[in-house]
Amino acid sequence: MKTTVKFARDSHEYFFAEGCFITEWSNSPDDPEVSVARARVEPGKTTRWHYLRNTSERYVVLSGNGQVEVGDLPAQRVAAGDVVVIAPGVRQRITNPGAADLVFLAICSPRFSEAAYVQSDD
């Protein structure tokens, strides 16, 4: 790991095929153990079913309300301050039933790579 400061002003939001907007706050080879991204789901939208190979993920809800579906667990309502822990290989998706954006951190370990992302719509 390389000691550094990463500035939010250097980040840019983009639309990811999963169905949400992503801003990578930290995802680099200098820190391979973890990545941190800000995810934003628009009102009325649901992300695609997917899972991550060999990568754990945590959702830390910052604002808005959602309904998360993870593996075999029943759907759960989540709001600011809630944390969802997702083991590698477990299907997941999140819905924003509210009127405002649902915003959460997606913290992956090891760091997220598109090669680890598997869409599992079925």
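Observations on the structure shown:
- Single residue of segment 31-50 satisfying the filter (in a strand (DSSP E or B) and among the basic types (Lys, Arg)) that is farthest from the chain's Cα centre (by Cα): 40
- Tabulated pairs, segment 87-110, first within 17 Å of residue 34 (Cα to Cα) and at pLDDT 95 or above, second part of a loop (DSSP other than H, G, I, E, B) and of a type in the set (A, V, I, L, M), C-beta under 6 angstrom, 6+ apart or interchain: 109/34
- The set of residues from segment 17-70 being under 16 Å from residue 85 (Cβ atoms) and of a type in the set (D, E, K, R) comprises 57, 58, 69.
- Test: residue 91 is more than 14 Å from residue 41 (Cα to Cα), in contact with a Gly (Cβ under 8 Å, 6 or more places away or on another chain) and exposed (fewer than 13 other Cβ atoms within 10 Å of the Cβ): no
- Residue match in segment 49-56 (condition: closer than 16 Å to residue 15 by Cβ and modelled with pLDDT of 95 or more): yes
- Residue list for segment 80-92, restricted to those being out of contact with any His (no Cβ under 7 Å at 6 or more places or on another chain) and in a strand (DSSP E or B): 83, 84, 85, 86
- Condition check for residue 28 on (1) over 15 Å from the mean Cα position of the chain (by Cα); (2) modelled with pLDDT of 95 or more; (3) under 20 Å from residue 114 (Cα atoms): one failure, at (2).
- Given (1) assigned to a loop (DSSP other than H, G, I, E, B); (2) surrounded by 13 or more Cβ atoms within 10 Å (Cβ to Cβ), number of the condition residue 2 does not satisfy: (2)
- In segment 51-79, of all residues being free of Cβ contacts under 8 Å to residues at least 60 places away in the same chain and assigned to a loop (DSSP other than H, G, I, E, B), the one that is surrounded by the most Cβ atoms within 10 Å (Cβ to Cβ) corresponds to 64.
- Qualifying positions in segment 87-102 - touching a Leu at 6+ places or on another chain (Cβ under 8 Å) and either within 10 Å of residue 20 (Cβ to Cβ) or hydrophobic (A, V, I, L, M, F, W, C) (or both): 94, 96
The values are calculated or read from the model by the stated rules, or taken from the named source; none is laboratory data. Small disclaimer: the values here were computed from a predicted structure and weren't measured. For neighbour counting, all protein chains shown are included, and Cβ atoms are generated from backbone atoms with ideal geometry for every residue, glycine included.
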